[in-house]
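Inspection log for the structure reproduced underneath, given as structure tokens.
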Amino acid sequence: MTRALIVIDVQNDFCPGGALAVAEGDTIVPGINELMSEFDTVILTQDWHPAGHSSFASSHDGKDPMQMIDMPYGPQVLWPDHCIQGSHGALFHPDLTTDRADLIIRKGFNPAIDSYSAFFENDHSTPTGLEGYLRTRGIENLTMVGLATDFCVNFSAVDAAQLGFIVTVLTDLCRGIDLDGSLLAALDGMRDAGVTIT
Ligand code: VGL
Ligand code: ZN
């Protein structure tokens, strides 16, 4: 069975010193680089927002980062400005091996909708195209690593499992944000969706 490694959002803004830093986010980079040699196909995802994106607290009067807001597609956490297209923060961590990537999929570019998942925007219906890419290449088995465990890794893994892919998340090579218990909830949700967690 054809397998792919999907490396989620290992970008400067999610690493220490970045705008939405995940604790120890940078420590997973060497392990991810080593793991790439075990896969024929490596895919990277890149959070890629236009300035003024609707998921930024700064785009909403009187709102602070980490507050919730109701969007037409459901509840949405408001984030600090991060991963702005073309910015240093949106670049991959400088030590991440990017040469092995067959595909770099960018997400979150729609100003009105956030996109945690590599498969669908947060309306859970607008596709990114990744499903078609994988299916047309005959890839059925996915291993996911990266940032953040409880947001983009979680949403990507659950969507992939629901689409019928065989999904494993290697938690040693992920780090989480953990907002109000979101890390444990994400691990439970991924298991419930049929994702193998190691
Ligand atoms: C992410 C929050 C906002 C992630 C992206 O990569 O997990 N989290 N944008
Ligand atoms: Zn984002």
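Derivation of every value follows stated rules applied to the coordinates shown; laboratory data play no part. Please read these numbers as outputs of a predicted model, since none were measured by experiment. Don't worry about glycine lacking a Cβ; one is built from the backbone with ideal geometry, like all the others, and counts go over all protein chains shown.
Brief remarks follow.
- Sole exception among (1) surrounded by fewer than 14 Cβ atoms within 10 Å (Cβ to Cβ); (2) more than 19 Å from Val10 (Cα to Cα); (3) in contact (Cβ under 8 Å) with a residue 24 or more places away in the chain; (4) among the acidic types (Asp, Glu) for Asp188, by number: (3)
- Residues satisfying the stated conditions in the range 1-36, i.e. more than 16 Å from ligand 2 (Cβ to nearest atom) and either acidic (Asp, Glu) or without any contact (Cβ under 8 Å) to a residue 40 or more places away in the chain (or both): Pro16, Gly17, Glu24, Asp26, Glu34
- Cβ separations smaller than 9 Å between residues 6+ apart or across chains give the following pairs from the range 65-92 residues that are more than 25 Å from Thr27 (Cα to Cα) to residues that are surrounded by fewer than 15 Cβ atoms within 10 Å (Cβ to Cβ) and of a type in the set (Val, Ile, Thr): Pro75/Ile69; Gln76/Ile69; Val77/Ile69; Leu78/Ile69.
- Members of the range 93-113 found to be under 22 Å from Ser125 (Cα atoms) and touching a residue at least 40 places away in the same chain (Cβ under 8 Å), listed by number: Leu103, Ile104, Ile105, Arg106, Lys107, Gly108, Phe109, Pro111, Ala112, Ile113
- Of all residues in the range 171-185 being without any contact (Cβ under 8 Å) to a residue 40 or more places away in the chain and exposed (fewer than 15 other Cβ atoms within 10 Å of the Cβ), the one that is nearest to Pro30 (Cα to Cα): Leu184
- Residue check for Thr168: within 13 Å of the chain's Cα centre (by Cα) and either hydroxyl-bearing (Ser, Thr, Tyr) or surrounded by fewer than 22 Cβ atoms within 10 Å (Cβ to Cβ) (or both): no
- Yes/no for Ala4 being out of contact with any strand residue (DSSP E or B) (no Cβ under 9 Å at 6 or more places or on another chain), surrounded by 18 or more Cβ atoms within 10 Å (Cβ to Cβ) and of a type in the set (A, V, I, L, M, F, W, C): no
- Some residue of the range 140-153 being among the charged types (D, E, K, R), under 15 Å from Asp9 (Cβ atoms) and either surrounded by 24 or more Cβ atoms within 10 Å (Cβ to Cβ) or within 16 Å of ligand 2 (Cβ to nearest atom) (or both): yes
- Residue selected from the range 98-113 under the condition part of a loop (DSSP other than H, G, I, E, B) and out of contact with any helix residue (DSSP H, G or I) (no Cβ under 6 Å at 6 or more places or on another chain), by the criterion farthest from Val29 (Cα to Cα): Ala112
- So Glu131, is it more than 15 Å from ligand 2 (Cβ to nearest atom), surrounded by fewer than 21 Cβ atoms within 10 Å (Cβ to Cβ), within 16 Å of the chain's Cα centre (by Cα) and not aliphatic (A, V, I, L, M): yes
- Against the criterion of being surrounded by 14 or more Cβ atoms within 10 Å (Cβ to Cβ), among the aromatic types (Phe, Trp, Tyr) and more than 11 Å from ligand 1 (Cβ to nearest atom), Phe39 qualifies.
- Consider the range 116-128 and keep the residues that are in contact (Cβ under 8 Å) with a residue 40 or more places away in the chain and of a type outside the set (D, E, K, R). The one that is surrounded by the fewest Cβ atoms within 10 Å (Cβ to Cβ) is His124.
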